[in-house]
Amino acid sequence: MKSLRRLACVFFLFVISSFGDLVLYQGTLADDGAVALLHFSLSGTQLLTIESWGYAGGTVFTQPSPTGIPAGGFAPNLVFDPTGTEVAFDNGGHCGIAAQDPVTGNCDDPYLQETLAPGAYTLAVAEWDSVPNGSLADGFTGTPGFSCAELGLRGNFCDVTTALGAERNGNYAVSIESEIAATPEPFALGSLACLCLIMLFVAAVALIDRAWEEMV
């Protein structure tokens, strides 16, 4: 009886964990005026969690094994829809959700949760405070060396969120994790039916267990 109950629990956990899908993007910008454009598409309405790891570092639970990200990079994330219109933006400050940088003490890794409709999207990763001139096609305000120039310094990747412009590097790491949103989708409905079967299975195991104990 115990083995049957254990099987039911393992099956339940497997179905729950199969809902999500995580992708990790990593790279290095040539200078602080550059922008990384990361493209992804959605086949259905989904809740996305977009999280930066390059500023303070951390561990991303990729498959088949976790990926360790060192601290030292920079930050914001901007999401554009297929027409090039900005639909989401964040530039960090989420202490308690994002990690705290071991050097600056800041929590400057962006964190976004958005429900997006089906379609093709572009995630732009740029040094703060390089922002769009308008739509994605209009480019960004940052030019090579701009972050250091704002603080009267020379070089690239000066952290404008710190008083002294701590020197950073051009590395970025961004994860995108998807989940089925509240809008019913075929997969979500199928999974709900599966969960109902699991509940029936667990109830049946409980009844058999009780009957067996009464017999002995």
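Go through Leu42, Leu24 for me and flag whichever is under 15 Å from Val125 (Cβ atoms) and either touching a strand residue (DSSP E or B) at 6+ places or on another chain (Cβ under 9 Å) or surrounded by 16 or more Cβ atoms within 10 Å (Cβ to Cβ) (or both).
Exactly one of Leu42, Leu24 is under 15 Å from Val125 (Cβ atoms) and either touching a strand residue (DSSP E or B) at 6+ places or on another chain (Cβ under 9 Å) or surrounded by 16 or more Cβ atoms within 10 Å (Cβ to Cβ) (or both), namely Leu24.
Restricting attention to the stretch 65-75, and to residues there that are at pLDDT 90 or above and part of a loop (DSSP other than H, G, I, E, B), which single residue is surrounded by the fewest Cβ atoms within 10 Å (Cβ to Cβ)?
Checking each candidate, the answer is Ser65.
For the stretch 11-23, check the following and say yes or no: at least one residue is in a loop (DSSP other than H, G, I, E, B), within 18 Å of Tyr111 (Cα to Cα) and either at pLDDT below 90 or of a type outside the set (Phe, Trp, Tyr) (or both).
Yes, the stretch 11-23 has at least one match.
Take Asp129 and tell me if it is in a loop (DSSP other than H, G, I, E, B), in contact (Cβ under 8 Å) with a residue 12 or more places away in the chain and surrounded by fewer than 19 Cβ atoms within 10 Å (Cβ to Cβ).
In short, yes.
Listed residues Gly93, Gly134; which is free of Cβ contacts under 8 Å to residues at least 24 places away in the same chain, more than 17 Å from Tyr55 (Cβ to Cβ) and assigned to a loop (DSSP other than H, G, I, E, B)?
Within the list Gly93, Gly134, the selection yields Gly134.
Going by the structure shown, is Phe140 at pLDDT 85 or above, closer than 16 Å to Gly72 by Cβ and hydrophobic (A, V, I, L, M, F, W, C)?
no
Can you tell me which of (1) in contact with a Phe, Trp or Tyr (Cβ under 8 Å, 6 or more places away or on another chain); (2) of a type in the set (A, V, I, L, M, F, W, C); (3) surrounded by fewer than 21 Cβ atoms within 10 Å (Cβ to Cβ) is the one Leu78 doesn't meet?
With (1) in contact with a Phe, Trp or Tyr (Cβ under 8 Å, 6 or more places away or on another chain); (2) of a type in the set (A, V, I, L, M, F, W, C); (3) surrounded by fewer than 21 Cβ atoms within 10 Å (Cβ to Cβ) applied to Leu78, the lone miss is (3).
When the residues of the stretch 81-119 are narrowed to those that are closer than 17 Å to Val174 by Cβ and aliphatic (A, V, I, L, M), which ends up surrounded by the most Cβ atoms within 10 Å (Cβ to Cβ)?
If we take residues in the stretch 81-119 being closer than 17 Å to Val174 by Cβ and aliphatic (A, V, I, L, M), then Ala98 is surrounded by the most Cβ atoms within 10 Å (Cβ to Cβ).
The values are calculated or read from the model by the stated rules, or taken from the named source; none is laboratory data. All figures in this text were calculated on a predicted structure; none of them were measured in a lab. In this analysis, Cβ positions are derived from the backbone assuming ideal geometry, glycine residues included, and neighbour counts consider all displayed protein chains.
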